[in-house]
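Note sheet for the following structure.
The values are calculated or read from the model by the stated rules, or taken from the named source; none is laboratory data. Keep in mind that this is a model prediction, so the values were computed, not measured. Using ideal geometry, Cβ is built from the backbone for each residue, glycine included, and neighbour counts are taken over all protein chains shown. We work out accessible area using only protein heavy atoms, side chains counted, and drop any ligands, DNA or RNA first. Shrake-Rupley method; radii C 1.70, N 1.55, O 1.52, S 1.80 Å.
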Amino acid sequence: MNVEKIILKPKKTKGSGKLRVCGYARVSTEADEQKTSFDEQVMHYSRTIEANPEWEYAGVYADYGITGTSADKRPEFQRMIKDCEEGRINLILTKSISRFARNTLECLTYVRKLNDMGVHIIFESNHIDTRTAFSEMLLTVLAAFAQEESRSISENTIWGIRKRFEEGVTRWCRLYGYEKNENGEYQIVPEEAAVVQKIFWLYEHGLSAREICAYLGEKGIASPQGKPKWSTSAVGHLLANERYAGDILLQKTFVENHITHKPVRNDSTEVPSFYIENHHTPIITRRQFERCRKIAEMRMSHGEKMGKRTCNQYPAAEKLRCPYCGSVLYQRSIPSLPHHAAGWCCEKGGDACRGFIMRSALMEEALLEAYRRLDPEKVEGKAGSPRFGKAAALTLEIKKEYPEMASVEYWWVDDLIDHIEFGAHSRTELEIRRLAALGEDAADDRTMKVFWKCGLITTVHSGVVTGKDHPASIAEVHWRGVERELMKQEGETA
Ligand SMILES: [Zn+2]
């Protein structure tokens, strides 16, 4: 996917003194009355700026040059940028995009550069004010056109794009949780926002879309269409909608064939899509949104669509390491276990690896215990570390909210755990007893080590309580069964 990411800066608060405003003019040398034109533009900007009580006049910069001169060949433009860098200017007034820059790509480059310095631009005839999110979006859409911009974009073209863009933006489709205020901005509807938050919360705590629908029905919460029952697809769409995290993905609109003017659907291969962060007030945190997206992806791959609910068996996948060869363990149902329970085993190594199958339920118990034992004070101790600081902050945040976890869920496993190692569970209970009777060292490593992302390691007993739960015992029975099956097959084919 060719998605360009834009992160909007928070708007500056008003009232901290006057804005220092300058004008930028470009006077065409083709014009006969260039002197008049120049004076007129200087007058225009000084009047406009002085007429505004919140503005302070910071001068007018003007270059002579024909249309299409790049910015580095315009000395006044460069002087203005330098003054911006030195903090002498907060806002630039200019007539249009085509006066300001050679093309939209150049325009965007400078808009971004200036935006980073906290300097904004008003393009008068284009009615674009880069202080608003809307204009940033418009400029970004223009960038899509800039890619193939061999011809210069005429004012008319820009107007045309702007108009279509506005149509696209103002075509407000109802988004549950929000309404639009008179300025066309997203405004939260508190009662609906509470439902949205609840849905995300339930999903990240292991409920499926179907279960969430049932829950909402029980509570008598009407669907966005006002129906008594929510559909799973309504819940699914809601969970996948980045707008609840305050972002917007623009990709379907605005792409048009310049020659035929027929709309073209943007499949993100020809022109970039735009993901705009911090576009409006979020209802849920970005972390929650990401979490739910991850869970949804996982469920998709594990067949929730087919009505199965296998998600909670897999959160630790790819975190668990084989005690013998270090490979990632895989989960499979073990026929030798009651109810064909799930177990983790190694698919890479040889005989030693085969001597280890960890029951999923035991691993999960041990993992919950490890989380319980994770000491917030020790986590805090890692906060200053350049390598683990960020992970430690996240760990603390989660630990504060959930001192204990009720179940192993993908989101927290992924947020907190780097990987998990097992001790070499090489001996069965029987072997240990026999060795002990012979007076030999029967020590066996029956631990599980959780390597937290915050840099700490918690060692717990891996939950083996009886002989039949021992990884080696399970493995022994399992592989014996597999061998029997193989021999039977060979016998049949012979
Ligand atoms: Zn292995």
| Quick one: ranking SER385, SER426, SER96 by accessible area, 1.4 Å probe, largest first, what do you get? | SER426, SER385, SER96
| task | Could you calculate the contour length gain from MET117 to HIS237, that is, 0.36 nm times the residue separation minus the distance between their Cα atoms, to one decimal place in nm? | result | 39.4 nm
| query | In nm, what is the difference between 0.36 nm times the number of residues separating GLU297 and TYR330 and their Cα-Cα distance? | reply | 10.0 nm
| query | When all protein chains stay in place, what accessible area (Å², nearest 10, 1.4 Å probe) is found for CYS346? | reply | 10 Å²
| request: Quick one: accessible surface of MET43, probe radius 1.4 Å, all protein chains present, in square angstrom to the nearest 10. | output: 90 Å²
| request: Could you order GLU369, GLU492 by accessible surface area, starting with the largest, using a probe radius of 1.4 Å? | output: GLU492, GLU369
| query | If you keep only loop residues by DSSP, which GluC sites (Glu not before Pro) in the stretch 175-206 have at most 15 other Cβ atoms within 10 Å of their Cβ? | reply | GLU182, GLU185
| request: Any chance you could look up the accessible area of PHE451 with a 1.4 Å probe, heavy atoms only, rounded to 10 Å²? | output: 40 Å²
| Using modelled amide H (1.01 Å from N, peptide plane; none on Pro or chain starts), what sits under 5 Å from the amide H of ALA62, excluding residues fewer than 5 places away? | ALA25
| remark: Between GLN197 and LYS390, the FRET efficiency computed from the C-beta separation at R0 = 22 Å comes out, to the nearest 0.05, as 0.30
